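I have placed the structure first, in the form of structure tokens, so that the comments after it can refer back to it.
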Amino acid sequence: MNQNTMKTQPGRSVAVLGAGIVGSAVALALSAEGHRVQLFDRADIGAGASYGNAGGIVTGAVTPTATPAIIRSMPTYLFDPNSAAVLRPRHSLRVLPWLMRFIAAGRPSRVAQISAALAPLLSRSMPAHRALSALGNGDELIQPVGWLKVYATEAGFERAALERRLMREHGVHFSILDAHEVAELEPNLNRALLHRGVFQPECGFVNFPMALAQAYFESARQRGARFTHAEVERIEPLAGGGVSLTTGEGVLAFDAVVVAAGAWSKRFARQIGDSVVLDTERGYHLSFGPSAGGLLRRPVVFPERTFVLSPMHDGTCLFSGDELAGMDALPDYRRIRALVPKAREVLPGLDASQVEREWMGRRPSTPDSLPVIGRSPRCRDVCYAFGHGHLGLTLAAISAQLVAGIMRDVPEPFDLTPYRIARF
Ligand SMILES: Cc1cc2nc3c(=O)[nH]c(=O)nc-3n(C[C@H](O)[C@H](O)[C@H](O)COP(=O)(O)OP(=O)(O)OC[C@H]3O[C@@H](n4cnc5c(N)ncnc54)[C@H](O)[C@@H]3O)c2cc1C
């Protein structure tokens, strides 16, 4: 095998494994600090989960996925095909360790701790995106249009009381809107189904998330970073320091490796000897194409109907909740298709005959809704940046800044203990 050593060149050589929004942001933050970065992906930049998400930079998402109410309703919830999360029976046994931890994360005391751990990441998420995009590319892709949740009933609004309490506790700005105010923000919504709204004005929106990953990498490339299209098979600490990375082309040695392989990251942590509880909450989208453009001004969440509608670059898109089915099961588009009539009820301008694309993506999800950010306790030349679950676009830039700080060994800007891989 060809052993190509980059370690002797000046500066630090860093391999970034995975070119989703997280890996691309990391590549840029490290290139901007003078590291010599090589980004690896078997697919195109931004083609994983980062391709088709709902585009929200949701700075107020301080409520973890596991909450006491979710845990209480899990038995019906997971097996009801119309709920926000479904479990494929075949995956039940495999997902059990993840589910046990998920249930533990839903205790009130843990929810408070997790929310407190999400808050410093989220409050820095927009400034971090602005700082990365100011390095060259991507700024125009981030629109300051806010994030809107719309409730059709008082009962639905009441069920989200915990969310509003946690947002208040962590200083998230939001306003509660009546039906008239919601209609002013989004005039094309069906007024008969508007009861209340919750609007977070400070959230951002990216209507083409893959393009943001590519824009970040372009800025990194302008600073000398390289992209290698290859399947990474293995990473391994080297005896004298540094890490080797094996692809089909051979073995390369780097001063450091950042694992940012999204839902596929567990395998690489295992190779280093770190264990992590990571599964995928798969999500679907369905695009109504350009004919359905211009109907919305921002992403709109319909919590009672368990979907999001967003005005993406190529038309309005419908996004589903979670499916626990593992990494390899074939997509099952029946669920997202079943949501189309409900989507047309809230946004009557949608034309169901115009569906242009169906897509499935794998959210890289930890059971406690917190990402894994930090050095491996077994090899300080391996740094982790994965497990961002529902918030990978939101948290990509702040995660990248933290990784750059960790590599520089500067004091932590806030306590990074909750994100350590050692918590598993
Ligand atoms: C329907 C849906 C809606 C969402 N909406 C939002 C939202 O509004 N806001 C938000 O913040 N988040 C949202 N998310 C979550 C967000 O999309 C993810 O958290 C984020 O994309 C994860 O980014 P990533 O870079 O970690 O992973 P990915 O984008 O999946 O990138 C990982 C990359 O690693 C590569 N890779 C893996 N293994 C290997 C290997 N062996 N060799 C080479 N390459 C490898 C893959 O090819 C992939 O490109 C949503 C997700 C879904 C599914």
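Residue count for region 319-334 under the criterion of being of a type in the set (A, V, I, L, M) and within 17 Å of the chain's Cα centre (by Cα): the result is 2.
As for region 121-128, it holds at least one residue that is part of a loop (DSSP other than H, G, I, E, B) and in contact (Cβ under 8 Å) with a residue 12 or more places away in the chain.
Kindly evaluate ALA29 against the criterion of being closer than 22 Å to PRO144 by Cα, buried (at least 24 other Cβ atoms within 10 Å of the Cβ) and more than 6 Å from the ligand (Cβ to nearest atom). So ALA29 fails the test.
Of all residues assigned to region 403-415, none qualifies as being closer than 29 Å to ILE103 by Cβ and crowded, with 19+ Cβ neighbours inside 10 Å.
Would you point out which residue out of PHE205, PHE217, PHE199 is under 30 Å from ILE176 (Cβ atoms) and out of contact with any Asp or Glu (no Cβ under 9 Å at 6 or more places or on another chain)? PHE205 is the lone residue from the list that is under 30 Å from ILE176 (Cβ atoms) and out of contact with any Asp or Glu (no Cβ under 9 Å at 6 or more places or on another chain). With the structure loaded, tell me whether GLY387 is of a type outside the set (Asp, Glu) and either modelled with pLDDT under 95 or more than 30 Å from VAL150 (Cα to Cα) (or both) or whether it fails that test. Considered against the rule, which asks whether it is of a type outside the set (Asp, Glu) and either modelled with pLDDT under 95 or more than 30 Å from VAL150 (Cα to Cα) (or both), GLY387 comes out as no. Could you say whether any residue in region 333-342 is part of a loop (DSSP other than H, G, I, E, B), without any contact (Cβ under 8 Å) to a residue 60 or more places away in the chain and either away from the ligand (no atom under 11 Å from the Cβ) or crowded, with 18+ Cβ neighbours inside 10 Å (or both)? Yes, there is a match, as at least one residue in region 333-342 is part of a loop (DSSP other than H, G, I, E, B), without any contact (Cβ under 8 Å) to a residue 60 or more places away in the chain and either away from the ligand (no atom under 11 Å from the Cβ) or crowded, with 18+ Cβ neighbours inside 10 Å (or both). Scanning region 72-81 finds no residues that are touching a Ser or Thr at 6+ places or on another chain (Cβ under 9 Å) and among the acidic types (Asp, Glu). The set of residues in region 247-296 that are within 14 Å of the ligand (Cβ to nearest atom), more than 30 Å from PRO97 (Cα to Cα) and either in contact with a His (Cβ under 7 Å, 6 or more places away or on another chain) or outside any loop (DSSP other than H, G, I, E, B) (or both) comprises THR247, LEU252, LEU286, SER287.
Only helices (runs of 4 or more DSSP H) whose full extent lies in region 1-111 are considered here, and the ones with at least 2 residues that are under 24 Å from ARG124 (Cα atoms) and modelled with pLDDT of 95 or more are 21-32.
Do you know which residues across region 297-326 are within 12 Å of the ligand (Cβ to nearest atom) and either without any contact (Cβ under 8 Å) to a residue 24 or more places away in the chain or part of a strand (DSSP E or B) (or both)? Hits for region 297-326 are VAL300, VAL301, PHE307, VAL308, LEU309, SER310, MET312, CYS317, LEU318, PHE319, ASP322, GLU323. Checked against (1) at pLDDT 95 or above; (2) surrounded by fewer than 21 Cβ atoms within 10 Å (Cβ to Cβ); (3) of a type in the set (D, E, K, R), ARG363 passes all but a single condition, namely (2).
The values are calculated or read from the model by the stated rules, or taken from the named source; none is laboratory data. Predicted, not measured: the structure shown is a model, and the values here were computed from it. Reconstructed Cβ throughout: ideal geometry from the backbone, glycine too, with neighbour counts over all protein chains shown.
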